[in-house]
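Peer 1: Sharing a structure, written as structure tokens. Questions coming.
The values are calculated or read from the model by the stated rules, or taken from the named source; none is laboratory data. On a predicted model such as this, the values are computed, not experimentally measured, just so you know. When we count neighbours, we look across all protein chains shown, and the Cβ atoms used for this are built from the backbone with ideal geometry, even at glycine. Just the protein is used for accessible areas: all its heavy atoms, side chains included, with ligands, DNA and RNA removed. Shrake-Rupley method; radii C 1.70, N 1.55, O 1.52, S 1.80 Å.
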Amino acid sequence: QVRLEESGGGLVQAGGSVRLSCAASGRTFSTLVLAWFRQTPGKEREFVAGIRWRDIYTLYSHSVKGRFTISRDNAKNTVDLQMNSLKPEDTAVYYCAARFGSVIPDEDRTYPSWGQGTQVTVSE
């Protein structure tokens, strides 16, 4: 099992930037896949971005590609999500999720480990 703890988030104006961080601990990371999802009230969790720990292969949703960057810090065992050019529609609770494997699925049910979530609110 992997334990995850998010930090960052908050209130930002449209066009601004926010950086989220996810600290991972537990099992060894050689086959770890970490992803960020987001959720707004009444909607299902939406895949945002994912990264494969061993080779830093990344995957982004169409809605954030070019604006968001996912990265990992091997020394700190963290995965960050740098969010730039934020839009009001990016407002959501952002969750870090983890699974072991070689692919980066965009379905939340395939990730067994989750953080508690952190709110990001983008104002007009």
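Peer 1: In the range 22-105, which trypsin sites (Lys or Arg not before Pro) fall in coil by DSSP and have 16 or fewer other Cβ atoms within 10 Å?
Peer 2: Passing sites in the range 22-105 are 27, 43, 54, 67, 76.
Peer 1: With springs connecting C-alpha atoms under 10 Å apart, model the chain as a Gaussian network and identify which of 16, 101, 26 has the largest mean-square fluctuation.
Peer 2: Comparing 16, 101, 26 in a Gaussian network model of the chain, the most mobile one is 26.
Peer 1: Suppose every K and R has +1 on its Cβ and every D and E has -1 on its Cβ; what is the size of the dipole of the chain about the Cα centre, in Debye to the nearest 20?
Peer 2: With Lys and Arg at +1 and Asp and Glu at -1, about 320 debye.
Peer 1: Then there is this: Using Cα-Cα distances under 8 Å and only pairs 6 or more residues apart, what relative contact order does the chain have, in percent?
Peer 2: 36 percent.
Peer 1: Gap in Å between the Cα centre of the range 91-124 and the Cα centre of the range 1-63?
Peer 2: If we compute the Cα centre of each part, the gap is 5 Å.
Peer 1: Considering only the other residues whose Cβ falls under 15 Å of the Cβ of residue 90, what net charge follows from Lys and Arg at +1 and Asp and Glu at -1?
Peer 2: Numbers: positive: 19, 38, 43, 45, 65, 67, 87; negative: 46, 89, 124.
For residues surrounding residue 90, the net value is +4.
Peer 1: To continue, here is another question. Work out Dmax and Rg for the range 1-64 from the C-alpha atoms and quote the Rg first, both in angstrom.
Peer 2: In Å, with Rg to one decimal and Dmax whole: 13.6, 38.
Peer 1: Could I ask something else about it? Straight-line reach from residue 87: which lysines have Cα under 27 Å away, leaving out those fewer than 8 places along the same chain?
Peer 2: 43, 65
Peer 1: Using a probe of 1.4 angstrom, how much of the accessible area of the chain is carbon and sulfur, in percent?
Peer 2: 47 percent
Peer 1: For the range 6-124, would you read off the P(r) tail past 19 Å as a percentage of all alpha carbon pairs?
Peer 2: Counting every Cα pair in the range 6-124, those more than 19 Å apart make up 40 percent.
Peer 1: Express as a percent, rounded to the nearest 5, the fraction of DSSP beta bridges in the chain (both residues included) that run antiparallel.
Peer 2: Percent antiparallel among DSSP bridges in the chain is about 90.
Peer 1: Would you mind getting the accessible area per residue of the chain, heavy atoms of the protein chains only, 1.4 Å probe, in Å²?
Peer 2: Working: 6430 Å² over 124 residues.
Here the per-residue accessible area is 52 Å².
Peer 1: Counting Lys and Arg as +1 and Asp and Glu as -1, what is the net charge of the other residues whose Cβ lies under 14 Å from the Cβ of residue 22?
Peer 2: +2
Peer 1: Right, next: Cut-off 10 angstrom, C-alpha nodes, Gaussian network model of the chain. Which of 75, 24, 49 fluctuates the most?
Peer 2: 75
Peer 1: Right, something else. Dipole of the chain (Lys/Arg Cβ +1, Asp/Glu Cβ -1, origin at the Cα centre): which of 74, 49, 94 lies farthest to the positive side?
Peer 2: 74
Peer 1: Mind ranking 46, 89, 6 by accessible surface for me, highest first, 1.4 Å probe?
Peer 2: 89, 46, 6
Peer 1: Once fully extended, how much extra length lies between residue 5 and residue 75, figured as 0.36 nm per residue of separation less the alpha-carbon to alpha-carbon distance?
Peer 2: My answer for the length gained is 23.6 nm.
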